[in-house]
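J.: Below you'll find the structure I mean.
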Amino acid sequence: MRWDAVQAPADQIALARELVERVPASGWGRRALAAASANVLSDPRGWRVVFPGGPRDAIWFVSTVSDASMKLAFTGARASDMSAVILERLDQNRDLKPFVRQVMLFDLAHPIQALARMDRTARVMFECLAARPTPPPRAALIALDLAYTAIVFVWLFDRSQGDAFTRSLTPKAMRLIGLS
């Protein structure tokens, strides 16, 4: 993931980067935010200014950076199909698997925000395609949301070299929902 894919205050990026490193071991919560804030901002309460909504705001921001980073990969040449977009996203986030696991656990208790982020990510994924409907049909967005979520779950636990299993599953899933 490219942290320079969005324009944001340096404190926000630094705190988000610290959380990406810290959350896999500690989980989400105010303690993780305070510890990260103390380390990066020298103030355990500094996170309240940077991410006033707490973990929800922090997760939203990291997701925004990830979406922008994915889109940036296709600015020169659009993707030929949705599988290429998804695989680029997963490749960019390979080192973030432990963090994404914790986000998925957080999302179980916060499904509305999870659905909103998923919908935004699906829309950005469609923007990465060479040939794309504008705007994509709602049914295509829902199908992509469901299939992509399933792919992410597989990816999170994929122990094959280079995520080979996920890489082989992704085009099949896209064909299944008509986005190949």
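Values in this text are rule-based calculations from the coordinates and carry no lab data. Every value quoted in this text rests on a predicted model; they were computed, and no experiment measured them.
J.: How big, in percent, is the set of alpha carbon pairs in segment 5-100 lying more than 23 Å apart?
T.: Cα-Cα pairs of segment 5-100 separated by over 23 Å account for 30 percent.
J.: Mean residue ellipticity at 222 nm from the helices of the chain, using -39,500 (n - 2.57) per DSSP H segment of n ≥ 4 over the full residue count, to the nearest 500 deg cm²/dmol?
T.: Counting only the DSSP helices, I get -22500 deg cm²/dmol.
J.: Once you sort the root eigenvalues of the Cα gyration tensor of segment 95-180 as a ≥ b ≥ c, which label holds: rounded (a/c under 1.5), prolate (a/b larger than b/c) or oblate (the other case)?
T.: Oblate.
J.: Restricted to Cα positions, what overall size does the chain have along the principal axes? Three whole-Å values, descending.
T.: Projected onto its principal axes, the Cα set of the chain covers 49, 32, 28 Å.
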